[in-house]
Every structure is written in C-alpha cells, then in structure tokens.
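Visitor: I have a structure here, written as structure tokens, and I will follow up with some questions on it.
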Amino acid sequence: MDRSVGSVDVEESWGQLEDGTAVGRWVLDDGTVQVGLVEHGARIQSVLAPDRDGHRADVVLGFADLAPYAGKGRSFGATIGRYANRIAAGTFTLEGQTFTVPPTDRGNAIHGGPHPFSELRWTAHRVEDACGVRFSLLSPDGDNGFPGALSVHVTYVLHQGRLTVESRATTDATTVVNLTNHAYWNLAGEGSGTVDAHLVQVDADTFLPVDESGVPTGEFRPVEGTPFDLREAVPVGYRVELDDEQLRRGQGFDHCYVLSRQAGGTREPTLAATVTEPVSARTLQVWTDQPGVQFFTGGSLAGTLVGKGGATYGPRAGLALEAQGFPDAPNRPEFPTTVLRPGEEFDSVTEFRFGLA
C-alpha cells in the first residue's frame, strides 16, 4: 500500500468470542482522522477527529474491549443487517411466499432478527492502494428467516477526513436487504455528556411517522410546523423533549427522514445531514445514495453500559444518523423497494465527512 495515503494497522487478537475465535481490530489513519474497526459486527469502534485547536478526541460511542459488543452493546457502530430497522410483526411476502423473522422489539423484527450481522465475526482484508479494510460475510439461506444465501462485503476507506462506507450484496434467491451502520456520534467526545447542544440539520421535507411499536404508519408527513423540521440547524435539546406524540413514541427522535434530493431518483451520494458541536467546532456531514436516514437520539440508552472513557451511556449520550432504505418497506409497496433478486447487486455508498465549522 502507498503509505502516503495513510496507514493501516491490525491487532489480530483484540479479543476472543466464547468459542475461542480471535477477533481483530484494524486502525486506519490518514494523518487527520483515525478510525478503529472491529471484525465482530464489521463495526466502527473509534473515530479520533480534531477540534478547532487540532486536538483529536474520540467522537463515536463504543467500548474498550470486545465483551460489551458481544452482549448488550451489539449495535454500537455495527453493520446492521440483513434488514436495518423494523419489519412489522417480522413478516413479509415475496413472490407469493410468506417469510417470518423472529420478532425482537415490541412484536416486530428489528435490525435483522435475534442473530443479526452485528453479532457475527466478519472476515477482513486490507484494501490495496488505499487506507481501507474490506469485511466479508456469507449469510446462508434461511438465516433469521430470510430467504436466499446472501454474500455481503462492507468496505471502509479513509481519505482526507472522509470515511467512505460501501456496502455490496448479492443473493441466489429473491430476498430483501437493507444495510446501514449504527454508529452513535458525540462530537464533543464520547462520554462527555448529552448531545443536546449539537446542531443538527437534515435535508428532508417529510418524515415517516410511526405507530406505538415504532413501525411507520405509511404516511409521508411534512416536517413544516412540527418538531421534526430540521431543514435549518437546530440544537437537539430544543426539540427532543417537546410535547409531541411522535417524540413520545420514539423516546425522542427515532424516525426515518425522506431525503429531499433522493426524491428525484439520483443514486449519487448527496448531503443528507450535518451535525455541528459548537464548543469544539467539530462537524460531521453524512452523504449517502440511500432514500432515507434514521435520526435517533438514543432515548433507549439506559445508563447501564460503560464506554471507553469510563462514563455510562444514558439517553442522548450520542446520536445516530443511519442511511438506509425505509423501515417496513417489504410490507409497503408505496415505499422504495428493498427487494434484491439473483443477478442484481445491492450497492450503497455512505460517507462520513469530518471537518470544522
């Protein structure tokens, strides 16, 4: 690899699973940003980004060792699949056949079922001539109830403060696929408190309201005149505790935004969301080719998990911006399709761009 583009290092035995399988941790560094990636869950474990004075701090929630990721912290920073977000009652129909994914959240399947991609060890390989790592996984036919053997590759490449995540998948039978990354961000530094002062802007004129169990109702609701209007940057804390039925249902924000620039059908990554932390001046831009982004303010974090710096993670300790297809799309023909057929390829690109205000 050309070292001028950055460095790639690996700790081959960062931890072990219960069966003794070694799990490695990879470190990408482009001289500005440093990213730690773990083979368990093909996940982002750390991101060191500079503030206005050039001091780097870890801005992604996570843990100092493998054990929490294999337990209650399984979604932190992980690749989520086969199906990110919710499928109502865990049931959907393809080509006249009904399939069931065991429900795990209020009667619904969420993030791929009881044994999701975030719980699996992925095979990792260095990307040639780039500061990057490719993670690969084969999900067998019937995995968590999903049809078709699915071959998945997730590639992380770091360049000039941009972390590009490309997800690809192919299948040998018609199936549904919705992949995303579930990193929680706190640009003041993980464990530093809540994200209430973070300014968040999302390029979306509409969002998907949810029922009491968190599943979209099917309505495309305009954000105008609601707490969900984030077309101009707003501090999280100004909105998250307003008296609004949808905010109560999500314990804050836990909703899919319909990205405005995707409404035209473009498949090129466009700017979906921007987060700014005023004190450090750190910024995060999320660029994606996906039709939606799930904005989640971590209302379900219960303060039971201890992060890398020794602080517990309570509500709003971080926020997630998960670029993805729409939740429950297999049961909603009015939503963009998430069906993948033999001979086709799922190919999605999301970029996390780190900068300064």
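Visitor: Among the candidates LEU271, LEU242, single out the residue that is modelled with pLDDT of 95 or more, out of contact with any helix residue (DSSP H, G or I) (no Cβ under 9 Å at 6 or more places or on another chain) and of a type in the set (A, V, I, L, M).
Guide: Working: LEU271 fails: out of contact with any helix residue (DSSP H, G or I) (no Cβ under 9 Å at 6 or more places or on another chain).
Step by step, each of LEU271, LEU242 is checked, and only LEU242 is modelled with pLDDT of 95 or more, out of contact with any helix residue (DSSP H, G or I) (no Cβ under 9 Å at 6 or more places or on another chain) and of a type in the set (A, V, I, L, M).
Visitor: Note down all Cβ pairs under 8 Å where the first residue falls in region 122-142 and is aromatic (Phe, Trp, Tyr), the second is surrounded by 15 or more Cβ atoms within 10 Å (Cβ to Cβ) and assigned to a loop (DSSP other than H, G, I, E, B), and they're at least six residues apart or on different chains.
Guide: TRP122/GLU39; TRP122/GLY41; TRP122/ALA42; PHE135/GLU39; PHE135/ALA42; PHE135/TRP122
Visitor: Just checking, does region 10-19 include any residue being among the charged types (D, E, K, R), under 28 Å from PHE354 (Cβ atoms) and more than 20 Å from the chain's Cα centre (by Cα)? Write out each step before concluding.
Guide: Kept after step one, since they are among the charged types (D, E, K, R), are these residues of region 10-19: 11-12, 18-19.
Now narrow it down to the ones that are under 28 Å from PHE354 (Cβ atoms): 11-12.
Next, only the ones that are more than 20 Å from the chain's Cα centre (by Cα) stay: 11-12.
Checked region 10-19: at least one residue is among the charged types (D, E, K, R), under 28 Å from PHE354 (Cβ atoms) and more than 20 Å from the chain's Cα centre (by Cα).
Visitor: Taking the condition of being part of a loop (DSSP other than H, G, I, E, B), over 23 Å from LYS308 (Cα atoms) and of a type outside the set (Val, Ile, Thr), how many residues in region 158-178 meet it?
Guide: Filtering region 158-178 for residues part of a loop (DSSP other than H, G, I, E, B) gives 160-161, 172-174, 177.
Keeping just the survivors that are over 23 Å from LYS308 (Cα atoms) gives 160, 172-174, 177.
With the extra rule that they be of a type outside the set (Val, Ile, Thr), the set shrinks to 160, 172-173.
The number of residues fulfilling the criteria is 3.
Visitor: How many of the residues making up region 188-240 are more than 21 Å from the chain's Cα centre (by Cα) and of a type in the set (Phe, Trp, Tyr)?
Guide: 2
Visitor: Among the residues in region 199-209, are any within 21 Å of ASN108 (Cβ to Cβ) and in contact with a helix residue (DSSP H, G or I) (Cβ under 9 Å, 6 or more places away or on another chain)? If you could, list the steps in order and put the result at the bottom.
Guide: Of all residues in region 199-209, those within 21 Å of ASN108 (Cβ to Cβ) come to 207-209.
Imposing the further condition that a residue be in contact with a helix residue (DSSP H, G or I) (Cβ under 9 Å, 6 or more places away or on another chain) reduces the set to 207, 209.
Yes: one or more hits.
Visitor: Same structure, new question: Is it the case that region 310-322 has a residue that's over 20 Å from the mean Cα position of the chain (by Cα), on the phi < 0 side of the Ramachandran plot, in contact (Cβ under 8 Å) with a residue 60 or more places away in the chain and part of a loop (DSSP other than H, G, I, E, B)?
Guide: There is at least one residue in region 310-322 that is over 20 Å from the mean Cα position of the chain (by Cα), on the phi < 0 side of the Ramachandran plot, in contact (Cβ under 8 Å) with a residue 60 or more places away in the chain and part of a loop (DSSP other than H, G, I, E, B).
Visitor: Can you name the residue in region 120-169 that is within 20 Å of the chain's Cα centre (by Cα) and among the β-branched types (Val, Ile, Thr) and, of all such residues, is surrounded by the fewest Cβ atoms within 10 Å (Cβ to Cβ)?
Guide: So, considering only residues that are within 20 Å of the chain's Cα centre (by Cα) and among the β-branched types (Val, Ile, Thr), the one surrounded by the fewest Cβ atoms within 10 Å (Cβ to Cβ) is THR123.
The values are calculated or read from the model by the stated rules, or taken from the named source; none is laboratory data. Keep in mind that what you see is a predicted model, and the values were worked out from it rather than measured. All Cβ positions, even for glycine, are placed from backbone atoms using ideal geometry, and neighbour counts span all protein chains on display.
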